[in-house]
1. Can you show me the helix-derived [θ] at 222 nm for the chain, built from DSSP H runs with n ≥ 4 at -39,500 (n - 2.57) apiece and divided by the number of residues, rounded to the nearest 500.
2. By DSSP, what percent of the beta bridges with both residues in the chain are antiparallel, rounded to the nearest 5?
3. Determine which aspartates and glutamates satisfy two conditions relative to LYS282: a Cα distance under 18 Å, and not lying fewer than 8 residues away in the same chain.
4. Ranked highest first by average number of other Cβ atoms within 10 Å, how do 314-322, 152-160, 203-211 line up?
5. Taking a probe of 1.4 angstrom, what is the accessible area of ASP325 in Å², to the nearest 10?
6. Leaving ligands and nucleic acids out of the surface, order VAL173, VAL71, VAL86 by accessible area at 1.4 Å, largest first.
7. Can you spot the lysines whose alpha carbon is less than 30 Å from LYS81's alpha carbon? Ignore those fewer than 8 places along the same chain.
8. Local charge sum around ALA234 (other residues, Cβ-Cβ under 9 Å, Lys/Arg +1, Asp/Glu -1)?
Amino acid sequence: MSDLTATTTDIDSRLEGHRVELTGYCYRMLGSAFEAEDAVQDTLVRAWRNIDKFEGRSSLRSWLYRIATNVCLDMLTAGNKRARPVDLSGPTPLAQAALNPLPENTWLEPMPDGRILPSVADPAEAAVARESVRLAFVAALQHLPPKQRAVLILREVLAWKASEVAELLDTSVASVNSALQRARATLTDHQGETSAADAADPLDEEQRKLLERYVAAFEGYDMKALTALLHEDAVMTMPPFDLWLRGHDDITGFMTSIGAACAGSRLVATSANGTPAFAHYKPNPDGPGFVPWAVQVIDIQDGAITGMHCFLDTPRWFPLFGLPDHLDADAA
């Protein structure tokens, strides 16, 4: 192997080693799984092309975050911010339920844990990372102006010093501290939205049993059993539709009316946004087996399910999560 090839391989390896944490950062900034991955790819390409200009005055990691931040800020100049259905309107009464889709770029998107949560040895650091990719928290971040968003993530999630953030953003420490104060105040205004789930890393015995009962109730389409597991104010969302429902009566009523075709479905466990999740396959209407229907991201709080967030654009989500596009008829 030539020295040039060895050097090239080393650079590739060093850059690639930062992909997961950079994807987590860009995902928090952008609220989109695919835009985050595009931003990271752009970051790594820019870094590769300019590696000879990296002078080592900061760490490679800091330099990559500077590039990633600039990429994200450029992507956010259009002013578009992503949201959940609950951020855009009030709940829809079951009697008025209608499935009205909105454009893809409206919605906050789910993200597999493995693409955004790097392995860390410190349990406290891991817990902060998981909390900071929850759907509710990432949705709250979208209320912040882009630079405030970057400051809050870098300071509060990644534990950078104010001086380090100031250097990255080419600003003063006083400006960073002021931006952080304003960002914290905005998040406080949305605190109810960001405290939507209990910690689930790892799942405790009570949470595991709750999810086992949920799978049994959902697959059996047992609405009485499901009602017993849902918080009385539980929420069900279904992007790309703007409809969302609140309360176990409306949720189960929807499932037995408009959603009745999901009877007999199968759920396959996965994980997304630091919380339990399931790949939802419904019976194939055109033959045997089961076909993709949704990725469900589940919120748990105080021993009950408080959120069922069902992302229905399965041609996008199932490949992203590495999920099969069909289950055999005897799938358990």
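1. Details: 16 runs with 156 residues, N = 332.
Value at 222 nm, helices only: -13500 deg cm²/dmol.
2. On the way: 27 of 32 bridges.
Expressed as a percentage, antiparallel bridges in the chain total about 85.
3. GLU219, ASP222, ASP313, ASP325, ASP328, ASP330
4. Values: 314-322: 16.0, 152-160: 18.9, 203-211: 14.2.
My ranking of the peptides, most packed first, is 152-160, 314-322, 203-211.
5. So the heavy atoms of ASP325 present about 120 Å² to solvent.
6. On the way: VAL173 65, VAL71 5, VAL86 40 Å².
Per-residue accessible area, sorted high to low, gives VAL173, VAL86, VAL71.
7. Straight-line reach from LYS81, under 30 Å: LYS147, LYS161.
8. Details: positive: ARG246; negative: GLU232, ASP233, ASP299.
With Lys, Arg at +1 and Asp, Glu at -1, the net is -2.
The values are calculated or read from the model by the stated rules, or taken from the named source; none is laboratory data. Computed from a prediction, not measured in an experiment: that's the story for all the values here. Neighbour counts run over all protein chains shown; Cβ positions are idealised from the backbone, glycine included. Surface areas here come from the heavy atoms of the whole protein model, side chains and all, with no ligands, DNA or RNA. Shrake-Rupley method; radii C 1.70, N 1.55, O 1.52, S 1.80 Å.
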